[in-house]
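The structure appears right after this line, and notes come after that.
Values quoted throughout were computed directly from the atomic coordinates according to the rules given, and no laboratory measurement underlies them. Please read these numbers as outputs of a predicted model, since none were measured by experiment. All Cβ positions, glycine included, derive from the backbone under ideal geometry; neighbour counts span all protein chains shown.
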Amino acid sequence: MPHKEPGLDERTARDDEDARLLAEGDHANLLAAYYPTILLRLRIRRLPIDDAEEVRQRVVEHLLRELQGGKTFSVPFRVVVHQRTTWELLDYYAERKRRDALVAEEREHASPDEFERVGSDIDFDRLLAELPDRERQVAALRWQQGLEVAQIANLLGIEANAVHQALFRAHGKLRESLG
Amino acid sequence: MADPLFDLFDDYAVRYARGEHPDAVRYLERAGEGADELADMLDAFLQWAPAPTADELAVTLMEAWLAGQPPLRELRVRRGLRVDEIVGELRSRLGLDVSRSGKLRRYFQRLERGSLDVSRVDQRVFDALAGALRTSSSILMSWAYPPRADQALAAPAYRGEREPTVAPAVPVTDEEGWDEVDELFLGPRTGA
């Protein structure tokens, strides 16, 4: 039995579950899993609650149409959800004239496979990929599984201080890449 | 090595990963001038973190929503409660006189159908309703927006440009006059 690295397979499990729900046509279960997170992302962007609900409805309706139309995706469903949310958010900004025309130009998704250029990784993956394995593992154990620093230290056989440093570096990378 | 943004991000991420529902907006408020930066970080985090598996209630409400049914009605039915029972609970929890029951019932039914502007409904109504329906007010508010009639989406048109989907803020009846029940469901009276 292959050794499983702790902390690095959480999203694979989610992707597998999504693939199963997609195959079974269980759209309610699939969309219900992402429903709260879509709103969270919109609220973080300071949309008023009724606007956020409006945008969320558009996201879900769009996804539903694609699912019911039998569309297949070249990326995991979580990426589809988050990218669709980002696009709807950009539409919202463009319509509210909160951003200039450049924002609208960013949103090029008219190709037959609009997810073709998106890729299956998101910013967070890319920046974590730049970290050494151990730091990436620490970040996943902390921010995907919610473990205490002491638990991570025990699990990986390292000092608590090393866990703190790894988290701090991962966070620093994130700030750097988003800045 | 103290970094308030790191602490806020780390705390939020850990709580989210543990299945809690930390209020992201509160975290942004605590970030002060770093709010925009924290917003970027939390947004990236939420796209990366695995979505929690939906519970049975969330799936049921989503099924209702997908079927074009108001989720709040589905929730009440699922809890085995009749409209009159809910209205009685609401009246009690909101401290309203029994003479207000009729108006309260009509407003509740409008809320349940999704024909009220949810943003104007007083938080106390959702808190009271949450108690009656044995759920949280945030879940109720989240599902108080019914599926729109125009599910065959045309071009996006957001609030301000689109046709109104809810009834205007008018009292349920003219005869009874404006009172505290109107205010609870329609917000403060304006332009009077």
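May I ask you to work out the translational diffusion coefficient for the stretch A:124-178 at 25 °C, viscosity 0.890 mPa s, via Stokes-Einstein with Rh from the Kirkwood sum over Cα pairs, reported in whole µm²/s?
On the way: Rh = 11.0 Å.
Here the translational diffusion coefficient equals 223 µm²/s.
Let me have the relative contact order for the stretch B:14-127, percent, based on Cα pairs under 8 Å that are six or more residues apart.
16
Where the Cα atoms of the stretch B:4-48 are projected onto their three principal axes, how long is each span, largest first, in whole Å?
28, 17, 16
Let me check I've understood the local charge: for B:Leu94, count other residues with C-beta under 14 angstrom from its C-beta, Lys and Arg +1, Asp and Glu -1. What total comes out?
Details: positive: B:Arg91, B:Arg93, B:Arg100, B:Lys103, B:Arg105, B:Arg124; negative: B:Glu89, B:Asp97, B:Asp122, B:Asp127, B:Asp179, B:Glu180, B:Asp182, B:Glu183.
Within the 14 Å Cβ shell, the charges total -2.
Can you pull the semi-axes for the stretch B:55-119, root of five times each eigenvalue of the Cα gyration tensor, sorted largest first, whole Å?
24, 13, 9
Which trypsin sites (Lys or Arg not before Pro) from the stretch B:15-119 combine a DSSP loop assignment with at most 10 other Cβ atoms within 10 Å?
Sparse-neighbourhood loop trypsin sites (Lys or Arg not before Pro): B:Arg82.
Multiplying the sequence separation of A:Glu24 and A:Asp50 by 0.36 nm and subtracting their Cα-Cα distance, what value in nm do you get?
The A:Glu24-A:Asp50 span can extend by a further 6.1 nm.
Quote to one decimal, in nm, the extra length available between B:Asp23 and B:Gln109 on full extension: 0.36 nm per residue of separation minus the C-alpha distance between them.
Gain on stretching B:Asp23 to B:Gln109: 28.0 nm.
From zero outward in steps of 5 Å, how is the percent of C-alpha pairs of the stretch B:1-84 spread across the bins?
The calculated distribution, bin by bin, is 3, 13, 18, 14, 11, 11, 12, 9, 6, 2, 1, 0.
For the stretch A:130-179 and the stretch B:69-116, write down the distance between their C-alpha centroids in whole Å.
48
Check each of the trypsin sites (Lys or Arg not before Pro) in the stretch A:122-179 and keep only those in coil by DSSP with at most 11 other C-beta atoms within 10 angstrom; list them in order. Walk me through the numbers on the way to the answer.
Working: sites: A:Arg126, A:Arg134, A:Arg136, A:Arg142, A:Arg169, A:Lys173, A:Arg175; in loops: none.
In loop regions of the stretch A:122-179 (DSSP not H, G, I, E or B), there are no sparsely surrounded trypsin sites (Lys or Arg not before Pro).
Label A:Arg96 and A:Asn161 with points 7 Å out from Cα along Cα→Cβ: what is the distance between them in nm?
4.7
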